[in-house]
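To start, the structure under review is shown below, and the notes come after it.
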Amino acid sequence: MSDTIFGKIVRREIPADIVYENDDVLAFRDLNPQAPVHVLFIPKRAIATLNDAGASDAELLGKLLLAAAAYAKQEGLAEQGYRTVINCNEHGGQTVFHLHVHLLAGRRMHWPPG
Ligand code: 5GP
């Protein structure tokens, strides 16, 4: 897949406000936050969209979600709750083609989304 701005963040070529990292996952604050807490969890090994994930990516996808949950617990967000979102392609609103999980917290979320 072609490189994206998130690949540059993984390689530390451009700055980001990194808040969480493990061997497989990096998390940093969204540049344009939609909630008081808005953090993006990305796999260090890029997958363009959820459509491009296969069986061999199952463990990595699980690690992304577990990282988001661990961060929420660490930051005291877990009990009140939060939302995790993966946007896919045009109708999903995806703009950066390096799969990522949005973690939104710090306010009540609405459902259905707009
Ligand atoms: P998507 O629309 O693909 O689901 O989400 C992409 C997100 O990345 C958006 O919420 C956008 O604000 C964020 N974003 C885009 N470019 C940058 C960047 O250079 N740095 C950071 N921290 N966030 C970015």
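Computed from the coordinates by the stated procedures, all read-outs in this text should not be read as laboratory data. Fair warning: this is a prediction, and the values are worked out from it, not measured in the lab. Every residue, glycine as well, gets a Cβ built from its backbone with ideal geometry; the counts of neighbours run over all protein chains shown.
Annotations for the structure displayed:
- Region 5-105: C-alpha gyration tensor shape, a/c 1.5 cut-off, then a/b vs b/c: rounded
- Close amide H contacts of LEU99 (hydrogens built in the peptide plane, cut-off under 5 Å, sequence separation of 5 or more or a different chain): ILE47, ALA48, THR49.
- Counting charges near PHE97 (Lys, Arg +1; Asp, Glu -1) among other residues having Cβ under 12 Å from its Cβ returns a value of -3.
- HN-Hα J in Hz across region 18-32 - Karplus 6.51, -1.76, 1.60, θ = phi - 60°, x for Gly and Pro: 7, 10, 7, 7, 9, 4, 10, 10, 10, 9, 8, 5, 5, 5, 10
- Region 101-113 - phi-based ³J(HN,Hα) in whole Hz, Karplus 6.51/-1.76/1.60, Gly and Pro as x: 9, 7, 10, 10, 7, x, 7, 6, 8, 9, 9, x, x
- With Cα atoms, 0 to 90° folded angle of helix 58-74 axis to the chain main axis: 30
- Put in line by how crowded their Cβ is, counting other Cβ atoms within 10 Å and starting with the fewest, LYS8, LYS63, LYS73 read LYS73, LYS8, LYS63.
- Burial ordering of ILE47, ILE14, ILE5, ILE42, fewest other beta-carbon atoms within 10 Å first: ILE14, ILE5, ILE47, ILE42
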